[in-house]
Amino acid sequence: MNTYRSRPVAVLLGLALLASACSSDGTDNNAAVETETTVAITTPPTTDGGLDEADGPDEADGGGPASTNDLGPDTTTQESEPTPNVVDSPAILTAYLGVLDLPAMGLDLLASVSGCEQQPLDEGMPVVLSHRVDGATLEPSDFAVTTAGGAAMTPTCATLEPATDDDELQTVLLTGPLGSTDDLPAEVAVVGELLAIDGTVLTGIATDTINTFETGPRLVLARLDPADEQCAALGSSHEIQMTWEGGVSGPRGAEPGTAELEGLTLIDVDGGSHPLLGFDDLGDGDNYLVACVPPAVEPATLEARRDTVYDPTNNPNPTTAVEVESRTAAITTPPTTDGGVGEADGPDEAEGGSPASTNDLGPDTTTEEPEQWTQESVQLEVGEYTFDAIVAGPDDGAVVFLLHGFPQTNQSWDEVIPVLAEAGYRVVAPNLRGYSPGARPLEPELYTMDLHTADVIGMADALGVDQFHVVGHDWGAAATWSLAMSHPDRVLSIVPVSGAHPQAIGAALAERAAEDDGPQGGRPSYLEVFAAEGAEEMFLENDAAFLRQILSGPWFTEEEVENYVDHFNEPGAMTGALNWLRSGSRGVEIAPVTIPTMSVWSTGDVTLGRIGAELSGDYVEGPYRVEALEGVGHWIPDEAPDELNALLLEHLETYA
């Protein structure tokens, strides 16, 4: 269940407070109240109408001349008798709902920059289309919004502002009474005679998936163009234009800069990762960003990490990855056999079409939209408790649970989640008992291992998942071993990271490992200190100095450390985390591990030594493999994510 709360906001999206010439026919504003709605973060293709209209070198499809950034209307499509072609129907790619509760000052500001003057707007919805829109044909009555209760609503204003560059023009901002807080918009459709700039008829396209600001703005499209002067000055021959669901910026409206650039990663055709060199096309407040591609890199995928950009109400984007579409690829398409409207078609922008060296735009055979995956924050109800979790990847992917350790949260998997999701796995990363605000009992006896494993089984049940893989780090590894022993019918395979089998811990302590193994391998002495009564104060006093010391190292960013400090300063959070240590291995169901297991440890780990890691195999009857990362410390998912990801992908592919 994906439950989000829509909340009143003071400004309309980051398609800014827009200037546009709109006809207006407003009604009184509905009072905005906090409501709860279920939102699916997906963008299914339209199933409306059957209009396989023709399409020219359309921005959503990658069309346009190969040798220039002047992507104006393509004269090759201005024919009186256009040739019919079979192409994907034009589509609404995304619709992104915002709820307004503007005071008088806000209305005055909106009126000063918008053609919707003097109208008390109550909703705003940027709609991204597959084709560039001919603004001369755009009217509010071209769009119809249907609410969940079946009410038909017509926007009072429709504008392309401010995304009006020649290579933009795909995002229409709808404003007006588009529903109410107790009857939210459920579908948006084009019902008027709206045309694309190449003459494609857009009538009949629709979507019944409307995302909310609470989900954050997703990356929708990424398209490769020749570099302009600014990117060329950085040594780049190409740039990527990103289309987001709504207007984006840095945090609190700041211009995107170095931090935002670091949240974007190019994956080349050989699987290598590359940073982008710099931003271009800033300062216009729209939903497009342009970034420079490193020299000699052939991009295949663009990944946007969570919290890279923000909408105007400071909601961060979810992690998203999209295929990079080139506007310079020659693509062809067979003639259409579809009845109805069949205008001429060139390479469709959403499909990456356009010849490499000419404006003679041949037919387009590419019909698949860029493959996308999304990441969302969900709440999972398990008995009396509510667990916060991140869910990412395709709905039909094999499910992988990621269980964090102490003292961390599911943030520790930030470098793992997108890699597994991109590989096609459905990833579930919960904040475990004691860490989720809705699952924080104070009594240590409510933190026994059987209860932790029951929590994970309950989360899988809540998601409708029968069988799944489990990867756990630190105390999450302890829960992983326990799940393998107690629920081999549900768990397909396990990967304990920095955590030995509970019997191996006891054996290692009894054996008293070699001198170079020190206190590692069993229940280290630090546990006695951390589990002591009143340890919470030790961790949190002096602005959490001790917690900060534990989480020090170049692999933790300042932002990540602050997130952890804020989390453990929440009421009951530090106690809940320490209660894992206080309960220890109580409640573990000892049984042979019969499912495939890969144990990952590191030679620099002060909590797990070689003896404990290697002895774990003595208690596994199924396929077993142990991997040691040389020179890496305890925080493997943070310190060595590339090495861990490679091992995980190999393991999961073997036992998927």
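Values quoted throughout were computed directly from the atomic coordinates according to the rules given, and no laboratory measurement underlies them. Remember, predicted model here, so these are calculated numbers, not experimental data. Ideal geometry is used to build each Cβ from the backbone, glycine not excepted, and the neighbour counts take in all protein chains shown.
Distance between Cα centroids, region 584-652 to region 157-217: provide it in whole Å.
Going from one Cα centre to the other spans 50 Å.
Highest first, please rank the peptides 543-552, 160-169 by the mean number of other Cβ atoms sitting within 10 Å of their residues.
Values: 543-552: 14.9, 160-169: 20.6.
Averaged packing, sorted descending, gives the order 160-169, 543-552.
In whole angstrom, and with the biggest value first, how far do the Cα coordinates of region 520-645 range along each principal axis?
Its Cα atoms span 47, 34, 22 Å along the three principal axes.
What dipole magnitude, in Debye to the nearest 20, does region 156-221 give about its Cα centre under +1 on Lys/Arg Cβ and -1 on Asp/Glu Cβ? List each step's numbers first, then the result.
Working: 1 positive and 12 negative charges, 26 e Å.
It works out to roughly 120 debye.
Going highest first, how would you order 254-266, 405-417 by mean Cβ packing within 10 Å? All intermediate terms of the calculation are to be shown ahead of the outcome.
Details: 254-266: 16.3, 405-417: 22.3.
The packing order, highest mean first, is 405-417, 254-266.
With +1 on each Lys and Arg Cβ and -1 on each Asp and Glu Cβ, how big is the dipole of region 566-624 about its Cα centre, in debye rounded to the nearest 20?
Dipole of region 566-624, to the nearest 20 debye: 140 debye.
Of all the C-alpha pairs in region 124-236, what % are more than 23 Å from each other?
Values: 2256 of 6328 pairs.
It works out to 36 percent of all Cα pairs.
Taking the Cβ of Pro554 as the centre, find all other residues whose Cβ is under 12 Å away and add up their charges (Lys, Arg: +1; Asp, Glu: -1). Walk me through the numbers before you get to the answer.
Working: positive: none; negative: Glu558, Glu560, Asp638, Glu639.
Once positives and negatives cancel, what remains is -4.
Quick one: Kirkwood hydrodynamic radius for region 379-473, alpha-carbon pairs, angstrom, one decimal? All intermediate terms of the calculation are to be shown ahead of the outcome.
Working: mean 1/r = 0.0744 Å⁻¹.
After inverting the mean inverse Cα-Cα distance, the result is 13.4 Å.
Per 10 Å bin, what is the whole-percent P(r) computed from every C-alpha pair distance within region 198-317?
13, 42, 30, 14, 1
Answer with one residue from Gly572, Val606, Ile590: the one whose Cα lies farthest towards the positive end of the charge dipole of region 514-656, charges on Cβ with Lys, Arg +1 and Asp, Glu -1.
Farthest along the dipole direction, towards plus: Ile590.
If Lys and Arg each add +1 and Asp and Glu each add -1, what is the summed charge of the other residues whose beta carbon sits under 10 Å from the beta carbon of Val465? If you can, show how the numbers build up before the last one.
Details: positive: Arg426, Arg490; negative: Asp461, Asp466.
Here the count lands on 0.
With +1 on each Lys and Arg Cβ and -1 on each Asp and Glu Cβ, and nothing else charged, work out how big the dipole of region 398-470 is about its Cα centre, in Debye to the nearest 20. Write down the numbers at each step before the final one.
Numbers: 3 positive and 9 negative charges, 21 e Å.
Using only the charged Cβ atoms, the result is roughly 100 debye.
If packing is taken as the average number of other Cβ atoms within 10 Å across a peptide's residues, how do 462-472, 608-618 rank, most packed first? Please report the intermediate quantities before stating the final value.
On the way: 462-472: 19.4, 608-618: 21.8.
Ranking the peptides 462-472, 608-618 by packing returns 608-618, 462-472.
Looking at region 427-495 from every direction and averaging, what is the projected area of its Cα convex hull in nm²? Spell out each step's value before the answer.
On the way: hull surface 18.2 nm².
Taking a quarter of the hull surface, the average projection is 4.5 nm².
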